[in-house]
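S.K.: The structure that follows is given in the form of structure tokens.
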Amino acid sequence: MEFHVITLFPEMFAALGAGVIGRAQASGSITICAHNLREHGLGNYRQVDDTPYGGGSGMVMRPEPLAAAIDEVMAQHPALQRILMSPQGEPLNQGLVRELARNRPGLLLIAGRYEGVDARISAMVDREVSIGDYVLSGGELPAMVLIEAVTRLLPCVLGNPESLAEESFGLSGLLEYPHFTRPEEFRGMRVPEVLLSGDHRRIRVWREAEARKLTAQRRPHLLAVPGKS
Ligand SMILES: C[S@@+](CC[C@H](N)C(=O)[O-])C[C@H]1O[C@@H](n2cnc3c(N)ncnc32)[C@H](O)[C@@H]1O
């Protein structure tokens, strides 16, 4: 799967060279290509922003450099889905991540900066996506979050694909049950006896009950619509 990102800070994407995403790149499961928006900047100073019409604080990203960057990438990869990272977009959840992971050949992500992008850029994208109801300084971290979440769902990326079914927001749509490892006792807290029993049926029943309990405490809305997150 291909990820293209239009950004003023392409160097930030080097952070994705580590761990699962680094291995997915090394094995060829994904490619990540960060396109420097500055190359499409206007005039000698490669300007990409300007003051807002109507006044107000901060700068707004001009549409022409963004449009030129989008056109250039799409001319070479016409089937990419174009996504503007925006706090005003549809919320990224595991359901949307699953949908995006089915997208071939891949995604073009647009990372804003400053006060955001000129509103006319919305007409040039397929959707806008938010990683949560808070505001970051730029769309690079949101783009990386989306890339990471999508990549781990791709075939052959995770060593044990079963973990995808069992984890939070997986097949059951619930939060995952709690995990324990050695030692059996840590600072006075013991591993639940059932997990030491070797009785796989009891362990499964316990885990299902714990997952429901945890979900009821922390994300009760997930119990209302099983399988959806
Ligand atoms: C400082 S933000 C702009 C916020 C905008 N003025 C507002 O109030 O909605 C600059 C850029 O960061 C990115 N960004 C910030 N928070 C985000 C979030 N929660 N999800 C996705 N992108 C975000 C977007 O690309 C946005 O254009």
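The values are calculated or read from the model by the stated rules, or taken from the named source; none is laboratory data. Owing to the predicted nature of the structure, the values given are computational and were not obtained by experimental measurement. Please note: Cβ atoms are built from the backbone with ideal geometry, for glycine as well, and neighbour counts cover all protein chains shown.
S.K.: Consider Arg207 against the criteria (1) touching a residue at least 24 places away in the same chain (Cβ under 8 Å); (2) under 30 Å from Glu72 (Cβ atoms): it satisfies all of them except one. Which criterion is unmet?
M.R.: Just one mismatch for Arg207, condition (2).
S.K.: Let me ask another. Which residue pairs have Cβ atoms closer than 7 Å, lie 6 or more positions apart in sequence or on different chains, and pair a first residue in segment 89-109 that is closer than 20 Å to Thr31 by Cα with a second residue that is more than 16 Å from the ligand (Cβ to nearest atom) and small (Gly, Ala, Ser)?
M.R.: What qualifies is Pro105/Ala79.
S.K.: Which one of these is over 30 Å from Ser86 (Cβ atoms), within 27 Å of the chain's Cα centre (by Cα) and not charged (D, E, K, R): Pro155, Pro183, Pro161, Pro192?
M.R.: Working: Pro155 fails: over 30 Å from Ser86 (Cβ atoms); Pro183 fails: within 27 Å of the chain's Cα centre (by Cα); Pro192 fails: within 27 Å of the chain's Cα centre (by Cα).
Result: Pro161 is the single residue among Pro155, Pro183, Pro161, Pro192 that is over 30 Å from Ser86 (Cβ atoms), within 27 Å of the chain's Cα centre (by Cα) and not charged (D, E, K, R).
S.K.: Same structure, new question: When you look at Glu208, is it of a type in the set (D, E, K, R), outside the structural domain of Gly95 (by TED's automatic domain parsing) and in a loop (DSSP other than H, G, I, E, B), yes or no? So that I can check it myself, show each step before the final result.
M.R.: Details: of a type in the set (D, E, K, R): yes; outside the structural domain of Gly95 (by TED's automatic domain parsing): yes; in a loop (DSSP other than H, G, I, E, B): no.
So Glu208 does not fit the description; no.
S.K.: Restricting to segment 134-146, name every residue that is within 7 Å of the ligand (Cβ to nearest atom) and either farther than 17 Å from Met61 by Cβ or in contact with a Cys (Cβ under 6 Å, 6 or more places away or on another chain) (or both).
M.R.: First, the residues of segment 134-146 that are within 7 Å of the ligand (Cβ to nearest atom): 134-139, 142.
Within segment 134-146, Tyr134 is the sole residue that qualifies.
S.K.: Would you be able to say whether some residue in segment 150-169 is at pLDDT below 95, part of a loop (DSSP other than H, G, I, E, B) and of a type in the set (Gly, Ala, Ser)?
M.R.: For segment 150-169, residues at pLDDT below 95, part of a loop (DSSP other than H, G, I, E, B) and of a type in the set (Gly, Ala, Ser): present.
S.K.: Quick check on segment 81-89. Is at least one of its residues assigned by TED's automatic domain parsing to the domain that holds Ser29, of a type outside the set (Ser, Thr, Tyr), part of a loop (DSSP other than H, G, I, E, B) and under 18 Å from Ala34 (Cβ atoms)?
M.R.: Within segment 81-89, the first condition is being assigned by TED's automatic domain parsing to the domain that holds Ser29, and the residues that meet it are 81-89.
Filter once more, keeping what is of a type outside the set (Ser, Thr, Tyr): 81-85, 87-89.
This time we only want the ones that are part of a loop (DSSP other than H, G, I, E, B), so: none.
The answer is no; no qualifying residue exists.
S.K.: Here's another thing I want to ask about it. Please go through segment 42-64 and pick out each residue that is more than 14 Å from the ligand (Cβ to nearest atom) and either crowded, with 19+ Cβ neighbours inside 10 Å or of a type in the set (A, V, I, L, M, F, W, C) (or both).
M.R.: Within segment 42-64, Leu42 is the sole residue that qualifies.
S.K.: State all residues of segment 14-35 that are more than 14 Å from Leu108 (Cα to Cα) and hydrophobic (A, V, I, L, M, F, W, C); if no residue qualifies, say none.
M.R.: Kept after step one, since they are more than 14 Å from Leu108 (Cα to Cα), are these residues of segment 14-35: 14-29.
Those that are more than 14 Å from Leu108 (Cα to Cα) and hydrophobic (A, V, I, L, M, F, W, C): Ala14, Ala15, Leu16, Ala18, Val20, Ile21, Ala24, Ala26.
S.K.: Can you pull out every residue in segment 65-91 that is over 15 Å from the mean Cα position of the chain (by Cα), within 16 Å of the ligand (Cβ to nearest atom) and surrounded by 14 or more Cβ atoms within 10 Å (Cβ to Cβ)?
M.R.: So the first thing to find is which residues in segment 65-91 are over 15 Å from the mean Cα position of the chain (by Cα), and the list is 65-80, 88.
After this cut, where a residue has to be within 16 Å of the ligand (Cβ to nearest atom) as well, the list is 65-67, 69-70, 88.
Answer for segment 65-91, where residues must be over 15 Å from the mean Cα position of the chain (by Cα), within 16 Å of the ligand (Cβ to nearest atom) and surrounded by 14 or more Cβ atoms within 10 Å (Cβ to Cβ): Pro65, Leu66, Ala67, Ala69, Ile70.
S.K.: So is Leu175 in a loop (DSSP other than H, G, I, E, B), at pLDDT below 95 and not hydroxyl-bearing (Ser, Thr, Tyr) or not? Break it down into steps so the answer makes sense when it comes.
M.R.: On the way: in a loop (DSSP other than H, G, I, E, B): yes; at pLDDT below 95: no; not hydroxyl-bearing (Ser, Thr, Tyr): yes.
No; evaluated as a whole, the condition is false for this residue.
S.K.: If you scan segment 95-116, which residues turn out to be away from the ligand (no atom under 16 Å from the Cβ) and either in contact with a Leu (Cβ under 9 Å, 6 or more places away or on another chain) or at pLDDT 95 or above (or both)?
M.R.: Within segment 95-116, Gly95, Arg98, Glu99, Ala101, Arg102, Asn103, Pro105, Gly106 qualify.
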